[in-house]
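One structure, pasted below without further comment.
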There are 6 protein chains.
Amino acid sequence: MNDEEQISWFPVPDEEQLPENLRKLFSKARERIGFVPNVFRVMSFRSERLSAWFAHYKQLHEPTEHLNAAEREMIAVAVSMANGCLYCLISHGEALREALGDPVQGDRITLDYKRANLSQKMLAVLDYAVKLTVEPRECSTHDIEHLKSFGLTTEEVWDVIEIAAMYNFTNRMAHATGMMPNPEYHAMAR
Amino acid sequence: MNDEEQISWFPVPDEEQLPENLRKLFSKARERIGFVPNVFRVMSFRSERLSAWFAHYKQLHEPTEHLNAAEREMIAVAVSMANGCLYCLISHGEALREALGDPVQGDRITLDYKRANLSQKMLAVLDYAVKLTVEPRECSTHDIEHLKSFGLTTEEVWDVIEIAAMYNFTNRMAHATGMMPNPEYHAMAR
Amino acid sequence: MNDEEQISWFPVPDEEQLPENLRKLFSKARERIGFVPNVFRVMSFRSERLSAWFAHYKQLHEPTEHLNAAEREMIAVAVSMANGCLYCLISHGEALREALGDPVQGDRITLDYKRANLSQKMLAVLDYAVKLTVEPRECSTHDIEHLKSFGLTTEEVWDVIEIAAMYNFTNRMAHATGMMPNPEYHAMAR
Amino acid sequence: MNDEEQISWFPVPDEEQLPENLRKLFSKARERIGFVPNVFRVMSFRSERLSAWFAHYKQLHEPTEHLNAAEREMIAVAVSMANGCLYCLISHGEALREALGDPVQGDRITLDYKRANLSQKMLAVLDYAVKLTVEPRECSTHDIEHLKSFGLTTEEVWDVIEIAAMYNFTNRMAHATGMMPNPEYHAMAR
Amino acid sequence: MNDEEQISWFPVPDEEQLPENLRKLFSKARERIGFVPNVFRVMSFRSERLSAWFAHYKQLHEPTEHLNAAEREMIAVAVSMANGCLYCLISHGEALREALGDPVQGDRITLDYKRANLSQKMLAVLDYAVKLTVEPRECSTHDIEHLKSFGLTTEEVWDVIEIAAMYNFTNRMAHATGMMPNPEYHAMAR
Amino acid sequence: MNDEEQISWFPVPDEEQLPENLRKLFSKARERIGFVPNVFRVMSFRSERLSAWFAHYKQLHEPTEHLNAAEREMIAVAVSMANGCLYCLISHGEALREALGDPVQGDRITLDYKRANLSQKMLAVLDYAVKLTVEPRECSTHDIEHLKSFGLTTEEVWDVIEIAAMYNFTNRMAHATGMMPNPEYHAMAR
């Protein structure tokens, strides 16, 4: 692995040629984690799309009372495992380890949340996220009521849905663009 | 079917309580097609999300030289048929009939694009959109080269990917929210 | 679409060369709906088979007290959607719209009967028809008892089975012969 | 196993109460193989249906120059294995052993035709029959041309299709009615 | 079928060149059933592997109080049918007919254990073996408790698991090596 | 995570009660990596089985000229990802990172070997291992010839098969026993 490895099957623009808002986004990422996540660099090939997508995406990871930051990452990794998405398993696997402060539990949830000794609430949330991923036609009002029975608000149930749907978008963007995860992620939050 | 039928398993806000930008969006829809598509009304439950999503989504249907408006709708319906999404099959089925000016061909592509006597180019585009939907791990650089061999630019190949990925998001939002298509669509562009 | 489009991957005989019983069948169809359904024209390549199949098939759509004509069409479209059969979705989708006198409800049942606000009885009937289509080994006496609990007679439960099984035959005949639906269906019963 | 075991989840009429044509059919079966195949007894619950179905079905097993009786049975068992149909695997497995005069080869084709050292022609025929069974939407004109390249006439290619489609009907009738194969089949043609 | 047919896609060593322990194994087989099962001859290509595998495998068919020899063979055939393994269906189908002393029941269990009128205990055992074969991630402690509720000891539940897992090994060895069943099996225990 | 977490859904014997050969095995593991892999502790519930299985298993990881230790671990993780096996992904993921001396490449191969920039030889090897895992009936002599074309000997092709088949055994043992990976693995070879 070196800095010049190919991170996309599409052209990757030079950072300096990007619009100012994206250059700021890249700078902030560098400040916060020391590097620019490849998802930004790969998607900057269509810079307006990246800006629009990210404005939507970032709303979905805002924590709420019954669905905190780590729990939102759990949805990301459960969907990504169902879709087999290398980029998201590595990058959100890292984010989950960090959010939990528990690298073993983070990896376990990433690879098989059913064997990670999760609460009934989170099992129900992740079972639903995976159902929406692999057999979306089967979703019904019963699923919504089931999640509410664990204390989630109506808005939080919607969030489970929208996060799961969003990773069905991003997983496919990563799959089809050949997006490679930054090597830095693997050793972080260990 | 009547005006008061339930269009969502989630609460649907009154239009007058929505932010101004969404009220404008609704008005423009009413002017253009005579009614507000239920996708807007259902997703207005989380109004900021709707605004952000739509700002992204609308970029994807901008026609280009080798991927016109009708061809972009074809990707929408091919993905929606693979996912079995009632809302998108009805609403984008209508959009495709209108874009083609051919109701029979529009319906055929919606239900089985392989039997619609399409060009080799569009067959390749739709085969790829469905592959990305049902077996995303299998996507490779060969798929990208294959689409380019039919004259698509690199940006247009990206668009095929991003449209297909986007309908994997919207299909799942429709499936999980119980989104019902407006009855008006069925008889339009016949 | 024009009159001369290819409706089959197999030769289609001239009507006048067909046996008398089939010429009568074609005439009656023309009287009743104004054209000859392509299923007859395509299958007339093997005219004795067509006669034998149709003698069987037509018995299955005879209405009974707890399974009327529209409900039998619902089984046809639910199976055809599970198999993704263009010909049957278009032609029996039309028949269902007409039988119901409700084009919106007809299309909804055709594309996703689970979201069409059907009675518990019809949901059970269609769930069973789809189960028999996609995982036939799993059928058991419990399924039969379940349908009877909604008031179906033993004969009517058999009919659910035989109709579902029959469309697993006709869907495959349509798929493998390249049978194209008559363009007239699309605008009928709208 | 005894004579009184339950052969159907539906009522089985007394033979003497059946219409004359069916009583003749039963007699002929008894003369030819010593017993009445349970498919007749089970389906006689709806006697008109049985008559109509059988009139159609029997046409499909008429041998032709490039698709003899044994080869037609091979299609029956290949489809029945793909659907996992106990009744048809036992009864048509026996028929194939008898038609071939080779019990080992008959069983091998029944359980896994790909490992039975068949001719390229029969491999192509059975691969197509299974494709039509498990992924019918994927059938195309190429499949038809491929079979013709092995010498099958257009009519014989149609027969491959119609036999495969027919066993998708009969397999499901057997699955859903709880049809049990006659114990006699197991030791016959050994 | 003749003595010289190809039984493997890999070289098959001469018996006299095998280590003594295997020559004894072959002799004992010849004494007991009159021939050497092809699984031994095929796997003797890697003779140490065969010795090690067989030392493990034979432990699994030791009968216990609530899981007798026939019941252990039932697990073998149920897994082999789920995997579609010709070699194991023929050879363990024979072993099951013999163990039961009932050729009809043996074949029925081999081809579709759900329709063989088995006890609730054996249905639960075989359902679990198939679940472990086709959707192993879904296994849970509930499955273990369920089997225990039918009287199986903890050790016997483990045996169900280990036998099912073992046939997922042997089925794949047979599939990938082109292992052909000895013709003798077909007529035995009829 | 602590030392007393539950590592199996079955009883786990005290080490001192195990036969001497297993106590030696445990000691050697402790010397080599500092702890006893949970697979040993879990499987020691049936100690003779563990001994027999391990005697077989360890043969499969012996390196040869064209299939070295790391390449054998690649087969282990590719199969384990196809089966979604938490225990094997964590433990053999670690073994692969160590064998390669490249933690990033090890994780990439573990999660999606197709995107790890592997040689054509290893892509062919892993594609075949996954094919044998998910659609074993489709294996043929062509697969064997294909691997040989990359220089593998006949014995090494057999090893690819036997390793893939073996992980279809061990993955299922882990799935069904609730085997949890030792927490130590996660941070090793980073």
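If you average 1/r over every pair of different alpha-carbon atoms in the protein assembly as shown and take one over that average, what Kirkwood value in Å do you get?
Averaging 1/r across every pair of different Cα atoms and inverting gives 31.8 Å.
Something else about it: Please give the charge dipole size of chain D, origin at the Cα centre, charges +1 on K and R Cβ atoms and -1 on D and E Cβ atoms. Round to the nearest 20 debye.
About 140 debye.
Right, next: Putting +1 on Lys and Arg Cβ atoms and -1 on Asp and Glu Cβ atoms, find which of F:ALA124, F:PHE169, F:SER140 reaches farthest to the positive end of the dipole of the stretch F:45-190.
Going by the charge dipole, the pick is F:PHE169.
So, one more: Only helices at least 15 Å long along their axis, Cα-based, and averaging -0.5 or more on Kyte-Doolittle count here, so list those DSSP H runs from chain D. Numbers along the way, then the final one.
Details: long enough: D:20-33 (20 Å, -1.14); D:47-60 (20 Å, -0.60); D:69-83 (21 Å, 0.66); D:86-100 (21 Å, 0.57); D:120-134 (21 Å, 0.85); D:154-177 (35 Å, -0.08).
Passing helices, by number: D:69-83, D:86-100, D:120-134, D:154-177.
Let me ask something else about it. Suppose a student asked you for the relative contact order of the stretch D:14-60, using Cα pairs under 8 Å spaced at least 6 residues apart; what percent would you report?
Relative contact order, the stretch D:14-60: 32 percent.
Smallest Cβ-to-axis distance in chain A, for the rotation taking A to C: which residue, how many Å?
A:GLU135, 8
Using the 7 Å Cα-to-Cβ label point, sort the distances from D:ALA29 to its equivalents in the other copies shortest first and give them in nm to one decimal.
Inter-copy label distances (nm, one decimal, shortest first): 3.3, 4.1, 5.9, 5.9, 7.0.
Rounding to the nearest 20 debye, state how big the charge dipole of the stretch F:1-103 is about its Cα centre with +1 on each Lys and Arg Cβ and -1 on each Asp and Glu Cβ.
Here the size comes out at about 260 debye.
As an exercise, find the ratio Rg/Rh for the stretch B:26-114 from alpha-carbon atoms, using the Kirkwood inverse-distance average for Rh.
0.98
Holding the Cα-Cα limit at 29 Å, pick out from A:LYS58/A:LYS121; A:LYS131/E:LYS114; D:LYS28/D:LYS148; D:LYS114/D:LYS148; D:LYS114/F:LYS148; E:LYS58/F:LYS24 the pairs that are longer than that.
Pairs exceeding the cut-off: D:LYS28/D:LYS148.
Dividing the alpha-carbon radius of gyration of the stretch E:88-154 by 2.2 N^0.38 Å (N being the number of residues), what value is obtained?
Relative to the rule-of-thumb radius for its length, the stretch E:88-154 sits at 1.21.
Let me ask something additional. Between C:HIS142 and F:LYS58, what is the label-point separation in nm under the 7 Å Cα-to-beta-carbon projection?
Label at F:LYS58, label at C:HIS142, 4.7 nm between them.
What gaps in nm, shortest first, separate B:VAL12 from its twins in the other copies when you place the label 7 Å past Cα toward the beta carbon?
4.2, 4.5, 5.5, 5.5, 7.0
For chain C, take the alpha-carbon Rg, divide it by the Kirkwood Rh, and send me Rg/Rh.
Details: Rg = 16.8 Å, Rh = 17.2 Å.
Ratio of gyration radius to Kirkwood radius for chain C: 0.97.
Could you derive backbone 3J(HN,Hα) for the stretch F:180-187 from the dihedral phi with the Karplus parameters 6.51, -1.76 and 1.60 (θ = phi - 60°), listing whole Hz in sequence and x where the residue is Gly or Pro?
The phi angles translate into 9, x, 4, x, 4, 4, 4, 9 Hz.
Something else: For the stretch C:8-76, with equal point scatterers placed on the C-alpha atoms only and solvent neglected, what are the log10 I(q)/I(0) values from the Debye formula at q = 0.11, 0.14, 0.29 1/Å, to two decimals?
Treating every Cα as an identical point scatterer, log10 I(q)/I(0) equals -0.32, -0.50, -1.28.
With contacts defined as alpha carbon pairs under 8 Å and 6 or more residues apart, what's the relative contact order of chain E in percent?
30
Rounding to the nearest 20 debye, state how big the charge dipole of the stretch C:14-60 is about its Cα centre with +1 on each Lys and Arg Cβ and -1 on each Asp and Glu Cβ.
On the way: 9 positive and 6 negative charges, 44 e Å.
Magnitude of the dipole: close to 220 debye.
Using a 4.7 Å cut-off between beta carbons, which cysteines in the protein assembly as shown end up with no partner cysteine at all?
Unpaired cysteines in the protein assembly as shown: A:CYS139, B:CYS139, C:CYS139, D:CYS139, E:CYS139, F:CYS139.
Any idea what the relative contact order of the stretch E:14-115 is, in percent, if you count C-alpha pairs under 8 Å spaced at least 6 apart?
Working: 71 pairs, mean separation 17.0, N = 102.
Relative contact order for the stretch E:14-115 comes out at 17 percent.
All of the numbers you see were taken from the coordinates with simple rules; none came from a lab. Remember, it's a predicted structure, so these values are computed and weren't measured experimentally. Here the Cβ is made from the backbone with ideal geometry for all residues, glycine too, and neighbour counts use every protein chain on show.
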